[in-house]
Amino acid sequence: KTGSAPSDVDHLTIELVLHLFRNLLAAEPLIKSSSDVSQSSARLHQELVCLFESELVFEILLVVAQDMESRENQNYNLLLMELLNLLTKSQDPTAVARSMKVKSSAAMMTTTSKENSNKKNSSAGGSLLRDSLKK
């Protein structure tokens, strides 16, 4: 809802959805009898994380977390911490750091190429202006 304070029903709905997300991320096979079962469980978890990203679940979590300091949203603190723990439980911190470096390098290259194309466009526009003034 926009423009009005969330009702008790709204808070209950948010809490139920957060519990659903937590339970989906926490689901594991009851018996891990082999490494294949563990690998398929890890693969399924990774696919769920990718699905959460594509379905904008992370944006929902961000919106809920942004207003965490308000008294009415303090009930979500523990749930959000559990969600973050479950989201990152099988992640290698060094791999995450390396991927961030690659992403930032790619972003810098994209920004540099955009700046270069803007400079080319502005200089081409300037030469066009000079040519038209000479006539």
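With protein chains left intact and a 1.4 Å probe, residues in the range 1-88 average 73 Å² of accessible area per residue.
Of the accessible area of the range 1-108, computed with a 1.4 Å probe over protein heavy atoms only, carbon and sulfur atoms account for 62 percent.
Computed over the range 1-52, the range of Cα coordinates on each principal axis works out to 52, 21, 6 Å, biggest value leading.
Counting only protein heavy atoms and using a 1.4 Å probe, the accessible area of Glu82 comes to about 60 Å².
Rolling a 1.4 Å probe over the protein chains gives Arg43 an accessible area of about 140 Å².
As a ratio to 2.2 N^0.38 Å, the alpha-carbon radius of gyration for the range 28-104 is 1.35.
The values are calculated or read from the model by the stated rules, or taken from the named source; none is laboratory data. The structure displayed is predicted, hence computed values, not measured ones. Surface accessibility is based on the protein's heavy atoms, side chains included, excluding ligands, DNA and RNA. Shrake-Rupley method; radii C 1.70, N 1.55, O 1.52, S 1.80 Å.
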